[in-house]
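To start, I am sharing the structure in question, which I have written as structure tokens.
Quick note: the coordinates plus some simple rules give every number you see, no bench work behind them. Computed from a predicted model, the values in this text were never measured in an experiment. Backbone-built Cβ (ideal geometry, glycine too); neighbour counts: all protein chains shown.
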Amino acid sequence: MNTALNNTLSTAAPTFGSDLAQAVREEGVGWRRPAPLLAGLALFGLSAVFLRGHPAWALSLGLWAGHAAADGLCGLLARRTRPQDDALLPAILLVALLAGATLGWVIEQALVSASPQPADRLTRFWLHLSFGAALLGLPLTQGLRRLRALRRVEQDRARLRAELQMLQAQIEPHFLFNTLATLRSFIRQGSDQSLPLLDAVSGLFDIALTRARQAESTLGEECQIVDHYLAIMALRLGGRLVWRIDVDTALLDLPLPPLMLQPLVENAIQHGIEPSEAGGEVRLTAERDGAGLRLRVVNSGCPLRHDAEPAGHGLALANLRQRLRALHSDAAALTLATTADGLTEACLTLPLA
């Protein structure tokens, strides 16, 4: 993997202790939810008049008091722990759990009139410890799972941004090199196409550099890039390329992931127009499709060969499909097909919400 991508994804990897500290804060541990505490106090206060001498009441009070104490200690200690001491947090929470379980066990033993056997006392202590561990462990486990799921989503987005930046870094020098080679040839030949080509290149890179490395783009901005790109390719290919962009101005402000259209248009020229001696037309259209946006890139050059797709069209389309899955899961789609008129059509469907 590229070094830049590694650097993007290797920023301050969180530890188990730091994740645990965040889970403690987010799950409300430490008497952050006073309602259960107050309800327990009221319930045991009212029931003490009638059930105080019953062993089950003593056990219930001990379990509740032990959990309340462990919950409060865990929250207090987690908030007092400094970030550099996060590695010690699991041990600190274990000590708080043991302290709470011990308190609950002592309360129960003090309220029981009969003297239990040593084996029964040990069993009761393990019951208090298991009860406290279950009530504390369940929300913390759920919090850790939620944190890690969120982190995976963020890592996927970071990876996607890094891959897009690498793709831009690869496309821009390659395209610039080929275009400058064509410009040099025009100048040597004294062609009157030199100045229009230079103007088109300047316009393309003025737009590209203005919005370089942006995480977001619009359909209008992407159409401008495609417009300049096609103008350059039309000068390079001469009369073999005709192109048209049919996009309603009302759609130009719609959001569009950057570098989605240009690869489709480049794919159409490389695999449709350039191999054809007669050339052909490339047409870009956009329309609303319910709650989505449908973009079509159609070319009339060489017909689509499905047996050659993995080595040609498939590479560019696989990259785009991977980005679409990362951005929109199954809500977006990219297809390549032959129309009823025998034209090759790449169709990109994106959700707008």
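Most exposed first by the Cβ proxy, i.e. fewest other Cβ within 10 Å, how do Leu138, Leu98 rank? Write out the running numbers ahead of the final one.
On the way: Leu138 11, Leu98 17.
Listing Leu138, Leu98 from fewest to most nearby Cβ atoms yields Leu138, Leu98.
Among Val29, Val242, which comes first, second and so on when ranked by fewest other beta-carbon atoms within 10 Å? Each step should come with its number before you reach the end.
Values: Val29 25, Val242 15.
Ordered from fewest to most neighbouring Cβ atoms within 10 Å, Val29, Val242 come out as Val242, Val29.
Moving on to the next point. Figure the gain on full extension for Gln117 and His328 (residue separation times 0.36 nm, minus the Cα-Cα span) and round it to one decimal in nm.
On the way: separation 211, 0.36 × 211 = 75.96 nm, distance 6.30 nm.
Result for the pair: 69.7 nm of gain on full extension.
What does the charge count near Asp289 come to, summing +1 for each Lys or Arg and -1 for each Asp or Glu among other residues with Cβ under 14 Å from its Cβ? If you can, show how the numbers build up before the last one.
On the way: positive: Arg288, Arg294, Arg296; negative: Asp248, Glu287.
Around Asp289, the surrounding residues sum to +1.
Rank the residues His128, His54 as a footprinting-exposure proxy: fewest other Cβ atoms within 10 Å of their Cβ go first. Please report the intermediate quantities before stating the final value.
On the way: His128 28, His54 13.
Least crowded to most crowded, the residues run His54, His128.
Additional query: Check which residues have an amide H placed less than 5 Å from Asp289's amide H, if you skip close sequence neighbours.
Residues meeting the criterion, in which the H sits 1.01 Å from N, are Arg294.
Related question: Please compute the net charge surrounding Leu343, taking Lys and Arg as +1 and Asp and Glu as -1 over other residues with Cβ under 11 Å from its Cβ.
Values: positive: Arg283, Arg296; negative: Glu281, Asp341, Glu345.
It works out to a net charge of -1.
Once label points are set 7 Å from the Cα along Cα→Cβ at both Leu46 and Asp206, what is their separation, rounded to one decimal in nm?
Taking the simple label geometry, Leu46 and Asp206 are separated by 7.8 nm.
Between Glu281 and residues 5 or more places away or on another chain, which pairs have amide H atoms under 5 Å apart, with H built 1.01 Å from N, and which residues are they?
Val242, Ser300, Gly301
Moving on. Where does the charge balance sit around Ala200 when Lys and Arg score +1, Asp and Glu -1, over other residues with C-beta under 12 Å from its C-beta? Present the calculation step by step, with values, prior to reporting the outcome.
On the way: positive: Arg236; negative: Asp199, Asp206, Asp227.
With Lys, Arg at +1 and Asp, Glu at -1, the neighbours total -2.
Per residue of the stretch 333-348, what does 6.51 cos²θ - 1.76 cosθ + 1.60 with θ = phi - 60° give for ³J(HN,Hα)? Whole Hz please, x for Gly and Pro, Karplus curve as stated.
Karplus values, whole Hz, x for Gly and Pro: 8, 9, 10, 10, 8, 9, 6, 5, 8, x, 8, 9, 10, 9, 10, 10.
Another question, then. With each label point set 7 Å from Cα along the Cα-Cβ vector, what nm distance links Val242 and Arg321?
3.3 nm
Modelled label-to-label distance, Asp192 and Gln109, 7 Å Cα→beta-carbon offset: nm?
10.5 nm
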